[in-house]
1. Restricting attention to the stretch B:50-63, which residues are surrounded by fewer than 19 Cβ atoms within 10 Å (Cβ to Cβ), more than 11 Å from every other protein chain (Cβ to nearest Cβ) and of a type in the set (A, V, I, L, M, F, W, C)?
2. Within the stretch B:68-82, track down each residue that is open to solvent by less than 90 Å² (accessible area, probe 1.4 Å) and either in contact (Cβ under 8 Å) with a residue 40 or more places away in the chain or within 11 Å of the chain's Cα centre (by Cα) (or both).
3. I want to confirm something. Restricting to the stretch B:1-49 and keeping residues that are out of contact with any strand residue (DSSP E or B) (no Cβ under 8 Å at 6 or more places or on another chain) and either among the acidic types (Asp, Glu) or closer than 19 Å to A:Ala101 by Cα (or both), which single residue is most open to solvent (accessible area, probe 1.4 Å)?
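The values are calculated or read from the model by the stated rules, or taken from the named source; none is laboratory data. Worth saying up front: this structure is predicted, and the values here are computed from it rather than measured. Cβ atoms come from the backbone with ideal geometry, glycine included; neighbour counts cover every protein chain shown. Accessible surface is based on the protein model in full, side chains and every heavy atom, while ligands, DNA and RNA are left aside. Shrake-Rupley method; radii C 1.70, N 1.55, O 1.52, S 1.80 Å.
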Amino acid sequence: NAGVTQTPKFRILKIGQSMTLQCTQDMNHNYMYWYRQDPGMGLKLIYYSVGAGITDKGEVPNGYNVSRSTTEDFPLRLELAAPSQTSVYFCASTPQMNTEAFFGQGTRLTVV
Amino acid sequence: AQSVSQHNHHVILSEAASLELGCNYSYGGTVNLFWYVQYPGQHLQLLLKYFSGDPLVKGIKGFEAEFIKSKFSFNLRKPSVQWSDTAEYFCAADTGFQKLVFGTGTRLLVSP
C-alpha cells in the first residue's frame, strides 16, 4: 500500500517560475492537506480539501493554488515562485474527521 | 484562533535519561490531540493520540502522554530514551474542523 505519494522529492526553481507539486493517495481518504515546514516554525497549513471539488484556504495560502478534481489527487501550484516559498512541503490525508493524518515523504523546494 | 505551544525547541539527553516534552494548546472546547515524530530525512509519523477517555495515552516505542484539561496540556513522556529516539517531535491539535494545528516542534538529540 503506497499511502501518500509526493513528487518530486527535490526541486530548485528560479524566481518567477511556476511548478506543480503532485500529491496522490490510494487510501480513498476524503480529506487532504498541504503543509509547509520551515525551521523553528513547525508546520503551517496552506490549503485543504474535504472532498473532490471542494478546497479551502489554510493559514498561509498566499502564492499558492490547489485543485481537487479526484479523490486521489491534490496538486499544489506555485504560479510565480518567490524565495519566501523555499521550504519543505508535506501533503497529508485523513479518511474522516477525528482520525490521524498520513503524511507523504515531502518535497524540498528551493527558490533562487 | 487555536494555537499549540511547545516550550522546548532543543533538548539534549543522554541515553537512559527520562524525557518530558511540554505541549499546551489554546482552545476551550473539545479537542483532539496528537504527537507526531519526524526522524531525520523522513516524513511525520503518528506517535500517539488522545480523543477521549483515559487521559493517559500510550503510544509506540514506549512513549506516553497525559492530557490535563485544566492545564490545557498534553505533555509527552518516555522513562528511558534511546539513541534511536533522536528526532523532531510535534504536538498537534484538532478542534474538529479537521484542520490540524501544529506546534513549532522540539528537536531531541540523544547522545549514546
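1. Passing the criteria: B:Leu56, B:Ile60.
2. Answer for the stretch B:68-82, where residues must be open to solvent by less than 90 Å² (accessible area, probe 1.4 Å) and either in contact (Cβ under 8 Å) with a residue 40 or more places away in the chain or within 11 Å of the chain's Cα centre (by Cα) (or both): B:Phe72, B:Ser73, B:Phe74, B:Asn75, B:Leu76, B:Arg77, B:Lys78, B:Ser80, B:Val81.
3. My answer is B:Thr30.
Per-residue answers, yes or no, for (1) closer than 18 Å to B:Gln42 by Cα; (2) in contact with a helix residue (DSSP H, G or I) (Cβ under 9 Å, 6 or more places away or on another chain); (3) touching a residue at least 40 places away in the same chain (Cβ under 8 Å):
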position	(1), (2), (3)
A:Arg11	yes, no, yes
A:Asn28	no, no, yes
A:Tyr35	yes, no, yes
A:Asp56	no, no, no
A:Tyr64	no, yes, no
A:Ser69	no, no, no
A:Leu76	no, no, yes
A:Thr86	no, no, no
